[in-house]
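Below: the structure, in structure tokens.
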Amino acid sequence: MSDETPKVGAHLISLGDEAATERLGRDLAAILKPGDIVALSGHLGSGKSLLARAILREIAGDPELEAPSPTFTLVQSYDTPRGAVLHADLYRVRSPDELDDIGLIEDLERVITLVEWPDRAGTRLPAGRRLDIVLDVEPDRPETGRIASLAGGVLWRSRLSIAVAARELIDAAGWAAAKREYMLGDASTRAYERLTQPDGETAILMISPPRPDGPPIRLGKPYSAIAHLAESVDAFVAMDHGLRSLGYSAPEILAQDLITGLLLIEDLGDGGVLDAEGAPIPERYEAAALLLADLHRHTLPTILPVAEGRDHVIPDYDREAMTIETELMLEWYAPHIAGVTLPAVTKAEFGRIWDKLFDEILEAPTTWTLRDFHSPNLIWLPEREGHAKLGLIDFQDSLLGNPAYDLVSLGQDARVDVPAALELRLLAAYGKARRADDETFDLAGFARAYAILGAQRNTKIAGIFARLDRRDGKPAYLKHLPRIETYLRRNLDHPALEELKGWYLQYLPKLFETA
């Protein structure tokens, strides 16, 4: 082990029997990534191979995988749904130089590596991504009991704390026997697991640690602070309580660890608002529009409780937030998608036009803006009644904003082609419901705000998808860009956006070339 990377304080875990060791292996498998090295130390019979096998079986998704200790082959490779995994047993290695012959230290950054007897490798195993696990006999139970000491470099600090806290939360909530299954996440930093009890009952583990501050980009603030992105799990808890108090189907919170950022929540299932071909189901989209109309007729609080003596203040969707979102178009889409370098005076003109449009938006009364009210976050619950038929998730970034914003999110779904006829149907259903509650509801003014915010949202998303590709190495989001461009052009046809459309035609003509 190199001395260059400091070790964080070790986590000591009591393993009462083989089942506990296997469970630790499954928990570790859930957080391992390519490039990670799990170094397993301990005397003969301490359980290193048992733990390695449990990790391998979980990663491979095969509970019957043989995975014998490679005592004689030294290294065994496994192809898994999460990429290649190497399992090495270095007991017979006499010199670290022998690792060159067996190819163990090649391409370590691209595979998950499990190493028994890592001390035989000397300093050949990089310390930065290395998790050291030392297994020892538990004095009170020498036959079956073991104690695992887990420690790693600074990169492991958060991951280990989350893994240990998640196990404690799951056990305390009565879900110790549940199988944990990693779920594909979204473009955010959150992670999710589906837990399944032996009787088939399910729940979702939401892993949302406090957001670290990014680099300051304006007035000493990072992007997340300016755009008012949730910085802790408190926002989700507060909005969840608020939505449930109004009778909507936000998931029940079964257990929580607010410090670490862990929630065990109700599993609302996989029933969505799309058909088998991935197209919108009009009746379900209309039900979502009517839910928004119902939400917007309420006088809603701006401060919500999180826990005893702990509140969440819902931020305003203010000028600074809307501005920095539209600027993503200039920073990412223009140079990397349109191939255009815009001079400062052109960017300033862009900002001036938006400022006038934001003046209109900011004059209107505000309501809860859930911000990502679209198909991935809407769950269909046919067994429930009324507005409760629609399950709601992913609302932690909610703000106080114009009521048109969430209807735009629905009617111009970033991941699904919403036909213009269906979009008009949603606007009509929403307007009719609002008029039924308030005869003074201004449908024309709402439609104007809808077009402005539709342009703002799609300008933002075009920039975000370009950023996900260029900065984060996630090119899959580019397949959605033609849809976003179509929505943006649709909004720019509104008379309120004539000046903005002129700017786009002059400086980003590619937007119209793809029509």
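Summary table
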read-out: Single condition residue 319 does not satisfy, out of (1) modelled with pLDDT of 95 or more; (2) exposed (fewer than 13 other Cβ atoms within 10 Å of the Cβ); value: (2)
read-out: Any hit, the range 180-194, residues being over 30 Å from residue 323 (Cβ atoms) and over 16 Å from the mean Cα position of the chain (by Cα); value: yes
read-out: Scan of the range 194-236 for residues that are part of a helix (DSSP H, G or I) and free of Cβ contacts under 8 Å to residues at least 60 places away in the same chain, ordered by number; value: 224, 225
read-out: Residues within the range 434-445 that are surrounded by fewer than 20 Cβ atoms within 10 Å (Cβ to Cβ) and assigned to a helix (DSSP H, G or I), tallied; value: 6
read-out: Conditions (1) at pLDDT 95 or above; (2) part of a helix (DSSP H, G or I); number of the one not met by residue 38; value: (2)
read-out: Within the range 268-369, helices (runs of 4 or more DSSP H) holding 3 or more residues that are without any contact (Cβ under 8 Å) to a residue 12 or more places away in the chain and assigned by TED's automatic domain parsing to the domain that holds residue 401; value: 344-363
read-out: Candidate set from the range 72-107 (those that are loosely packed, with under 14 Cβ neighbours inside 10 Å and among the charged types (D, E, K, R)); member that is nearest to residue 44 (Cα to Cα); value: 92
read-out: Candidate set: the range 117-173, residues that are part of a strand (DSSP E or B) and charged (D, E, K, R); chosen: the one surrounded by the fewest Cβ atoms within 10 Å (Cβ to Cβ); value: 136
read-out: Residue match in the range 497-515 (condition: part of a helix (DSSP H, G or I), at pLDDT 95 or above and within 20 Å of residue 372 (Cα to Cα)); value: no
read-out: Count of residues meeting criterion [touching a residue at least 40 places away in the same chain (Cβ under 8 Å), in contact with a Pro (Cβ under 8 Å, 6 or more places away or on another chain) and of a type in the set (D, E, K, R)] in the range 101-129; value: 2
read-out: Any hit, the range 259-274, residues being of a type in the set (A, V, I, L, M) and over 30 Å from residue 168 (Cβ atoms); value: yes
read-out: Complete set of residues in the range 10-19 that are surrounded by 17 or more Cβ atoms within 10 Å (Cβ to Cβ) and within 13 Å of residue 48 (Cα to Cα); value: 15
read-out: Residues located in the range 116-140, provided they are at pLDDT below 90 and either within 17 Å of residue 24 (Cβ to Cβ) or aliphatic (A, V, I, L, M) (or both); value: 121, 125, 127, 137, 138
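The values are calculated or read from the model by the stated rules, or taken from the named source; none is laboratory data. Remember, it's a predicted structure, so these values are computed and weren't measured experimentally. Neighbour counts run over all protein chains shown; Cβ positions are idealised from the backbone, glycine included.
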